[in-house]
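So the structure is just underneath, and the comments pick up after that.
The values are calculated or read from the model by the stated rules, or taken from the named source; none is laboratory data. Note that this is a predicted model, so its numbers are computed, not measured. Ideal geometry is used to build each Cβ from the backbone, glycine not excepted, and the neighbour counts take in all protein chains shown.
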Amino acid sequence: MATKRIPSFDSHNPATGEVVGTYPMMSGKEVTEIAAHARAAAAKWQQLGFNGRKKVLISWCSLIMNRIDQIAALVSLETGKPVSDAKLEVSLAASHLGWAARHAEEIMRTSYRAPGLLMANMSATVQRSPLGVVGVIGPWNYPIFTPMGSISYALAAGNTVIFKPSEYTPGVGVWLEETFNEVAPFADIFTTITGLGETGGALCTSGVDKISFTGSTRTAKIVAAQCATNMVPVVLECGGKDPVIVAADANLERAVDATIWSAMANAGQSCIGAERVYVDEKVADKFVELAVELAKTIHAGAPGDGNYGPATMPSQIKVIQKHIKAAIADGGTCAYGGPDSVKPPFVQPVILLNVPEDSTAVREETFGPTIIINRVKNMREAIDLSNASSYGLGANVWSRRQGKRIAAELACGMVAINSTFSFAAVASVPFGGIKDSGYGRVHGPEGLLEYTYARTVVRTRFNLPIKFLSFKRRPKDDSLVIALTKMLKGRLG
Ligand code: NAD
């Protein structure tokens, strides 16, 4: 009897093209079955309470850190990034997991609200409940840090989770499921499903209660549309074109060091990586000189050789090439590297200068180890150009005295002053963007509350002699309501 072949796909080492794993391409039917199991497990996971869940999640955190060499090697194999970068990524992911486990109870504690004078006899409270089953769809660029920003918080809030990793990094997703199951008190709390885009699509319509998606803006719109058919809410963490503003009073050495790292580390494949710099013309020459000096000391190569690795997704190379060519065709110049820096699967550092703002290279996400440096007359111009983007994820500001003032005017979800990437590493603050960079938040209390719903409970503490919400309301009661409203206008609320 002929055996039925299970559809599968391969994951590759992007530095060599070698196959590193083969995984099943899960069908819609399988995903729906898994969602039903996750729903059944959700009730038990909730019953475990905050303390019970905290113990499980802290054990998982310890296990991940005890096996950091193993998971970092796998992240490096599937993405091509240096092992040391992979270790940093794993450590940050584990910190978020620990933080979410330890803070879920206080974040979800019932909150007591002032009922206002007209409702003074009421006690007004807001309770928080987990949603049930959360679907997490992840990208490949930070295959553990990024999805764990949703998985950890959703689990800590009392949801069960189904994770669909990127088809470029399925091994990392499977490793997460296997290690979780080593500490799990029962099955189906956290499940990884593997497959291509269709499997992700199937998750959106499988009956989950929310989708937390991280990936490109293009896919985010498809995911949101698929979820809309069943009124499934979504968190969308998408791409960016993050600006770096450098004021005349900036510490240039630190600004250059952080900006070149932000732009080139992970082969430029960071959603919050620096893509464009607006530097005050008074210090622009020095900034460029220092940036070129630093770029000369770094190079792309396979793990163990390069400061950063290859492009993880081969098709991204074409986008990077197109943007470098567009920048030059539109009037920009190369201060370091250029079109010849693209040598698949690697891209060596590229620094572009004075690229017109309407160039594709300035407008679209490049996701490669390139940086555009444009000079500005003043900080007003830098702020306006930073905001003139369809994206609004993060931004960096370098200034000794004007950091907070500039940050307050930036149209984006996160700002790092005299640092880069820092907001992603602080577990207590929300992470996310506006405009084409998405909506909703991960991390921090706001991120945890994304995986809960609010239940308002208003209870009568004692009865008043006046009945407002009754057919027995009298004309003098109407007069009292109107007089009190005129007088208070929301005070004592
Ligand atoms: P992508 O959009 O190609 O894929 C993301 C995920 O969506 C993958 O798991 C993929 O299989 C799945 N998918 C594809 N089609 C689908 C469909 N029709 N329905 C459901 N799921 C589907 O993105 P990518 O190339 O993996 O990731 C890179 C992008 O992610 C960049 O734009 C980057 O800026 C962004 N990103 C954003 C953040 C953030 O937090 N804002 C973090 C990391 C990466």
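Some points to look at:
- For the stretch 11-33, the tally of residues that are among the polar types (S, T, N, Q) and more than 26 Å from Y308 (Cα to Cα) stands at 2.
- Whichever residue in the stretch 155-167 is closer than 13 Å to I144 by Cβ and near the ligand (Cβ under 9 Å from one of its atoms) and, among such residues, is surrounded by the fewest Cβ atoms within 10 Å (Cβ to Cβ): S166
- Only residues that are of a type in the set (D, E, K, R), over 29 Å from E105 (Cβ atoms) and assigned to a helix (DSSP H, G or I) were counted across the stretch 17-57, and they come to 3.
- Qualifying residue in the stretch 297-305 (condition: among the β-branched types (V, I, T), within 16 Å of the ligand (Cβ to nearest atom) and more than 23 Å from I245 (Cα to Cα)): no
- The residues of the stretch 263-286 that are crowded, with 24+ Cβ neighbours inside 10 Å, part of a helix (DSSP H, G or I) and more than 15 Å from the ligand (Cβ to nearest atom) amount to a single one, M264.
- Considering the stretch 210-225, the residues that are surrounded by fewer than 22 Cβ atoms within 10 Å (Cβ to Cβ), within 6 Å of the ligand (Cβ to nearest atom) and not aliphatic (A, V, I, L, M) include one that is nearest to the chain's Cα centre (by Cα), namely S216.
- Qualifying residue in the stretch 95-108 (condition: within 24 Å of Y308 (Cα to Cα) and part of a helix (DSSP H, G or I)): yes
- Qualifying residue in the stretch 434-441 (condition: within 13 Å of the ligand (Cβ to nearest atom), of a type in the set (S, T, N, Q), modelled with pLDDT of 95 or more and not in a helix (DSSP H, G or I)): yes
- Among the residues making up the stretch 110-151, those that are surrounded by fewer than 24 Cβ atoms within 10 Å (Cβ to Cβ) and within 9 Å of the ligand (Cβ to nearest atom) are W140, F145.
- Residue list for the stretch 175-209, filter: touching a helix residue (DSSP H, G or I) at 6+ places or on another chain (Cβ under 8 Å), more than 13 Å from the ligand (Cβ to nearest atom) and not small (G, A, S): W175, L176, T179, F180, E182, V183, P185, F186, D188, I189, F190, T191
- Boolean, F468 is in contact with a helix residue (DSSP H, G or I) (Cβ under 8 Å, 6 or more places away or on another chain) and either more than 30 Å from L155 (Cβ to Cβ) or at pLDDT below 95 (or both): yes
- Apart from one condition, I383 fits all of (1) of a type outside the set (D, E, K, R); (2) within 30 Å of D340 (Cα to Cα); (3) in contact with an Asp or Glu (Cβ under 9 Å, 6 or more places away or on another chain); the exception is (2).
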